[in-house]
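**Q** Before I ask anything, here is the structure I am working with.
None of the figures in this text is laboratory data; all of them are computed from the coordinates on show. Not measured: the values here are computed from a predicted model. All Cβ positions, glycine included, derive from the backbone under ideal geometry; neighbour counts span all protein chains shown.
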Amino acid sequence: MIVDRPARRAHPRLLGLLGGALLASAAAAATLIACQDTSSGDGAGGGAQGGAAGPGFRPEGCAFSIASREEYSDFQHGRTEVGATPNLRRVRLGLGGNVAPGAPGHADPSTSIGVAWQSDDGTLVSQVAWGTTPDPASWPAANLAEGVTWLTPAGTLNSSGDERMHEAYVCGLEPGTTYYYRVGGGPAGKAVWSDVYAFATTPSDPEAPVTLAVSGDSRGQQQDAWRLLQRQIMKAGAAIQLFSGDMINFAPDQAEWEKWLDLGWKDADGTLLATGQLLTLSAHGNHDNHTSLFFGNLVLPQDLAKYPKYAELFFSVDVGPVHVVVVDDAFIVSPSGDAEYQPALAGWLEADLSAAQANRAKVPWIVTMHHHPEYSSSTHGKDADVLRGRAFFGPIWDKHHVDLALAGHDHDYERSKPLTGPVDAPTVKPSSKDGTTYLVCAGAGADAYASSTSSFTATSRDYKSGSALGFYSLLKATKGKLTIESHELRADGSDPVFDAIDLVK
Ligand SMILES: [Fe+2]
């Protein structure tokens, strides 16, 4: 098992990591080296972090683009071939979009959706079709969007080699509306389609109450806690799912990603679970390691116009009365990884949060999420990287009066009192009106850490003993109140509430 450590740079820079303690064989290393030379058919170049490459592909009807990455191969769109055994699988929702405040095509889950899936290598057609009834025969012929396909790099530790991936995007949807969709496509008479899935766009009306599900750290997939969580949040009526990173233990292993995707996609009896029907927005964790498999298995906003080097690493969305900011903190807690990231992120956060502040009368709540916690009394609470993250993010959240800062990394639960002022000696405020609440909520499959308390702690809890396998929270937001309702995950399917608090304006 790998212990938590600072995130490394993207594949193929993983060679250093793999060549050390973790790579099992010289043959595997040779395969990894060989796959550095794979190049996209559509894009070119790429950022210093193995970032998005080239002009990419603009989905029809969308005001944003997506691109290949330098690690992918055979990046294509507009193909129609259906393979011998398409086996369309691991269908999951995500989101595209730009990230600059006010930019055309800004990421918006009330009007758009992204969807990803896998197939056999011979299936190149990448289409999504949709409608507002469950019967595809009733869907308008125009409701058909072309996506892209590529091969993940061979040479990971996945013994099955490269994997055929697909992504497609739909824009121009109506807010707060249930849609049905399926993926696949192909020539008349040979088309192959997935099951029909349902999802709902988020409301655009800030007066509409919404529920956001929150969890983190599924790595290890112990006792199927991730699948258990996906069952629970389907019942909870969440508008979106927020995940604070560390999906898997060992990022170069596609088999780990596929286990994670499989557990979230369907239940053991075939019942469709959350990932194909509920938008999941994730932050990058240190175990996700900036591998091409993180970027390839997830569908997250990527702003090719403004931040081509940092595709899928930071973005924001409005969900009803909540402005949600999702950030990769790897090069903040380990700044030697990329010295350019910190000023780029600081500039984007200043612009995004200033705009969100100016929009408070309409969208009153600001919730942030990244992986390493600012305030924790558990295993990693005093780690140097965690404290570097606190020194960077704390003053920014304080300046912009962020209401709730979400994180994981420590596999327990800890809610802070409302905090403001210097990060190393914050002032505890009696009301959430006057300070930021910091919430560590992790335990979606990871091994349990011991919880503890500090002067800033309101409540903490672990799952080292007792009936809980982990934790998740529901953020129930209206314009005047944001309720944090936190649940145990239990194997018997019960999920008792153990902490509930209202943040008020
Ligand atoms: Fe972590």
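**Q** I'd like the antiparallel share, as a percent to the nearest 5, of DSSP beta bridges with both residues in region 210-504.
**A** The antiparallel fraction comes to roughly 65 percent.
**Q** Then there's this: Could you list Asp403, Asp338 in order of exposure, starting from the residue whose Cβ has the fewest other Cβ atoms within 10 Å?
**A** Fewest-to-most ranking of Asp403, Asp338: Asp338, Asp403.
**Q** Run a plain Debye calculation on region 159-284 (Cα atoms as equal point scatterers, no solvent) and give log10 I(q)/I(0) at q = 0.12 Å⁻¹, rounded to two decimals, same order as the q list.
**A** -0.54
**Q** Quick one: order Leu489, Leu469 by neighbouring beta-carbon count within 10 Å, fewest to most.
**A** Sorted ascending by nearby Cβ count, the order is Leu469, Leu489.
**Q** From zero outward in steps of 10 Å, how is the percent of C-alpha pairs of region 377-505 spread across the bins?
**A** Reading upward from the zero bin: 13, 44, 34, 10, 0.
**Q** Measuring from centroid to centroid over Cα atoms, what is the spacing of region 183-236 and region 88-108 in Å?
**A** Value for the Cα centre distance between the two parts: 15 Å.
**Q** Ser336 to Thr178: FRET efficiency via 1/(1 + (r/R0)^6), r the Cβ-Cβ distance, R0 45 Å, to the nearest 0.05?
**A** Here the calculated transfer efficiency is 0.45.
**Q** Among rounded, prolate and oblate, which fits region 266-424 when a ≥ b ≥ c are the square roots of the eigenvalues of its C-alpha gyration tensor, a/c under 1.5 means rounded, and a/b larger than b/c means prolate?
**A** Rounded.
**Q** Next up: Give me the angle, in degrees from 0 to 90, between the Cα long axis of helix 384-399 and the longest principal axis of the Cα atoms of the chain, rounded to the nearest 10.
**A** Helix 384-399 and the main axis of the chain meet at about 80 degrees.
**Q** Given contacts defined as C-alpha pairs under 8 Å and at least six residues apart, what's the relative contact order of region 427-501, whole-number percent?
**A** In percent, rounded to a whole number, it is 21.
**Q** Specify whether the C-alpha gyration tensor of region 87-242 places it in the rounded, prolate or oblate class, a ≥ b ≥ c being the square roots of the eigenvalues: rounded for a/c under 1.5, otherwise prolate if a/b is larger than b/c and oblate if not.
**A** Oblate, because a/c is 1.5 or more while a/b does not exceed b/c.
**Q** HN-Hα J couplings of region 87-95 from phi, Karplus 6.51/-1.76/1.60, θ = phi - 60°, integer Hz, Gly and Pro as x?
**A** 6, 5, 8, 6, 6, 8, 8, x, 8
**Q** I need two numbers for the chain: Rg to one decimal and Dmax as a whole number, Cα atoms only, in Å.
**A** Radius of gyration, then largest Cα-Cα span, for the chain: 21.3, 68 Å.
**Q** Hey, rough spin-label estimate for Lys362 and Asp205, points 7 angstrom out along Cα→Cβ, what's it come to in nanometres?
**A** About 1.6 nm, to one decimal.
**Q** Something else about it: When you have a sec, figure out the Kirkwood radius of region 210-504 from all distinct Cα pair distances and drop it here in Å to one decimal?
**A** Final number for the Kirkwood radius of region 210-504 is 18.8 Å.
**Q** Where a Cα-Cα gap under 13 Å defines reach, which aspartates and glutamates qualify for Lys259, not counting those fewer than 8 residues away within the same chain?
**A** Cross-link targets: Asp224, Asp267.
**Q** Sum -39500 (n - 2.57) across every DSSP H segment of at least 4 residues in the chain, then divide by the residue count to get the 222 nm mean residue ellipticity, nearest 500. Could the numbers behind the result be given before it?
**A** Values: 8 runs with 82 residues, N = 505.
So the helix-based figure for the chain works out to -5000 deg cm²/dmol.
**Q** Let me see the pair-distance distribution of region 238-341: every alpha carbon pair, 10 Å bin width, integer percents in order.
**A** 13, 42, 34, 9, 1
**Q** What ranking of Tyr72, Tyr463 emerges when the number of other C-beta atoms within 10 Å of each C-beta is taken as an exposure proxy, fewest first?
**A** On the way: Tyr72 28, Tyr463 24.
Neighbour counts put them in this order, fewest first: Tyr463, Tyr72.
**Q** Find the relative contact order for region 210-504 and round it to a whole percent, using C-alpha pairs within less than 8 Å whose residues are 6+ positions apart.
**A** In percent, rounded to a whole number, it is 19.
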